[in-house]
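All remarks here apply to the structure that follows.
Here, each number is a calculation from the coordinates, and none is a lab measurement. For clarity, every value in this text was computed on a predicted model and none was experimentally measured. Every residue, glycine among them, receives a Cβ derived from its backbone with ideal geometry; neighbour counts consider all protein chains shown.
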Amino acid sequence: MDKNVLLQQFEEKFGEGGDIRTYFAPGRVNLIGEHTDYNGGHVFPCALTLGIFGIARKREDNKLRLYSANLTDLGIVETSLDDLVPSDAAGWTNYPKGMFWTFARRGYKIEKGMDLLICGDIPNGSGLSSSAALEVLTGLIIKDMNGFDEVTMVDIALFGQYSENNYNGVNSGIMDQFASAMGKKDNAIFLDTNTLEYEYAPIDMPDAKIVITNSKVKHSLVDSAYNQRREQCEAALRILQKNMDIMTLGDLSIAEFEEHKDEIKDLVMQRRAKHAVYENQRTIQAVAALKKGDIAEFGELMNQSHVSLRDDYEVSCGEVDALVDLATSVSGVYGSRITGGGFGGCTVSIVKNEAVDEFKEVVGKGYQEQIGIEAEFYVVDSGDGAKKL
Ligand code: GAF
């Protein structure tokens, strides 16, 4: 995306002049550690170079005028800082509005509104965190335009999660916003969601690429199914806490879980908790494997992650399972799994350089034959977190 073209579009929509600033926040792909972030476990996402640009200018009044160059249907949506109520009709603007609302709730006084044009290249509804990117983007703009220097990028990630949970009604964890805010080129982030301690781990895979495959399906009721998974895990935790001194499922080793799991009588609930515990341990093991350059082990753990998400956590779907099965049938594939919240969206695969073309051919053709949809492929690089350009 050309910054000058976006600037021109901004001026066409909102007029010329003043202090116009440009920002960018990336989407993310999670390599492993799925549905662990609201269970106090570890995650291992990286920021992408795909993301959302924001062109913004502070206003003299308290109006917010918001325009998406991607979702043009709504045109310019106008609201004000006095009217930050979420609504279905507000569509994508609920994400930036939620961030203004969150800053206000945290005691930050924002008196002046802004004109904002956004434009992104994260495929919509693909599970690559366009909404978290938009939250982080808006958070960074609010910080920068209002001189809130004490607000850190980690704070912005936390504000984004707060807004997602309390303004947009999805009880997500911190992973997506954290990756968008804190990403680092050529690295993934090994984050302990219990403590928010994190470490950058270089994605050192000279013989392989990260390939994202978009199933192009998104099943309905995703948000309610997501919230339900979270509730099931929390209920399982409460049962285990009767006999164990633990704060989260992420505190449990596999041995401890196996010893106590039968205390969870509801077998669906037990499987949900099993996924959370095993996936957390797999993530720790996968990062250790990557650090010692063992991509084969890393890939094998990704495969196991998918099976667990499919069978125990039940957040996959036929279309995505087909993509993973096709991917793992290609000999140069180290591992493949669903990535993100689930119920459609994307898979992430680690593919040997020389097998990327065959991968696209086999998976693309097979998916078309089995599902009747043309999958999309993105061979991605990891990028930096949100920044002012
Ligand atoms: C979604 C959520 F937003 C994240 O917090 C995380 O739980 C993820 O699903 C599953 O790992 O992206």
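Just name the residue that is surrounded by the fewest Cβ atoms within 10 Å (Cβ to Cβ) out of those in the range 361-384 that are of a type in the set (Gly, Ala, Ser) and over 24 Å from ASP121 (Cα atoms).
Start the filter on the range 361-384 by keeping residues that are of a type in the set (Gly, Ala, Ser), which leaves 364, 366, 372, 375, 382-383.
Going one step further and asking which of them are over 24 Å from ASP121 (Cα atoms), we end up with 366, 372.
Values: GLY366: 18, GLY372: 8.
The selected residue is GLY372.
Name the residues in the range 305-316 that are in a helix (DSSP H, G or I), free of Cβ contacts under 8 Å to residues at least 60 places away in the same chain and buried (at least 18 other Cβ atoms within 10 Å of the Cβ), would you?
Initially, the range 305-316 is screened for residues in a helix (DSSP H, G or I), giving 305-311.
Filter once more, keeping what is free of Cβ contacts under 8 Å to residues at least 60 places away in the same chain: 306-308, 310-311.
Result: HIS306, SER308, ARG310.
Could you list, ordered by first residue, the pairs with Cβ atoms under 6 Å in which the first is in the range 25-43 and within 17 Å of ASN214 (Cα to Cα) and the second is near the ligand (Cβ under 7 Å from one of its atoms) and in a loop (DSSP other than H, G, I, E, B), at least 6 apart or interchain?
So the pair list comes out as GLY27/SER129; ARG28/SER129.
Is it the case that some residue within the range 249-267 is surrounded by 14 or more Cβ atoms within 10 Å (Cβ to Cβ) and in contact with a strand residue (DSSP E or B) (Cβ under 9 Å, 6 or more places away or on another chain)?
Within the range 249-267, one or more residues are surrounded by 14 or more Cβ atoms within 10 Å (Cβ to Cβ) and in contact with a strand residue (DSSP E or B) (Cβ under 9 Å, 6 or more places away or on another chain).
Got at least one residue in the range 231-241 being closer than 24 Å to PHE298 by Cα and either crowded, with 17+ Cβ neighbours inside 10 Å or acidic (Asp, Glu) (or both)?
Taking the range 231-241 first, the residues closer than 24 Å to PHE298 by Cα are none.
Within the range 231-241 (the criterion being closer than 24 Å to PHE298 by Cα and either crowded, with 17+ Cβ neighbours inside 10 Å or acidic (Asp, Glu) (or both)), the answer is no, since none of the residues qualifies.
Starting from residues that are farther than 14 Å from LYS388 by Cα and within 16 Å of the ligand (Cβ to nearest atom), keep the ones in the range 135-155 and report whichever is surrounded by the most Cβ atoms within 10 Å (Cβ to Cβ).
Looking at residues that are farther than 14 Å from LYS388 by Cα and within 16 Å of the ligand (Cβ to nearest atom), I get GLU135.
Find the strands (runs of 3 or more DSSP E) located wholly in the range 24-120 whose residues include 2 or more that are within 16 Å of the ligand (Cβ to nearest atom), and list them.
Working: elements: 42-58, 63-68, 77-80, 114-120.
Correct list: 42-58.
Those residues that are touching a Lys or Arg at 6+ places or on another chain (Cβ under 6 Å) and either surrounded by fewer than 24 Cβ atoms within 10 Å (Cβ to Cβ) or basic (Lys, Arg) (or both), I need them from the range 39-64; list them, please.
LYS58, ARG59
Considering the range 158-176 alone, what residues qualify as being within 14 Å of TYR38 (Cβ to Cβ), within 12 Å of the ligand (Cβ to nearest atom) and touching a Ser or Thr at 6+ places or on another chain (Cβ under 8 Å)?
Hits for the range 158-176 are GLN161, GLU164, ASN165, GLY173, ILE174, MET175, ASP176.
Can you pull out the residues in the range 151-183 that are touching a Pro at 6+ places or on another chain (Cβ under 9 Å) and outside any helix (DSSP H, G or I)? Steps first, please.
If we filter the range 151-183 for residues that are touching a Pro at 6+ places or on another chain (Cβ under 9 Å), which is where we start, we get 167-169, 175-176, 178-180, 183.
Correct list: TYR167, ASN168, GLY169, GLY183.
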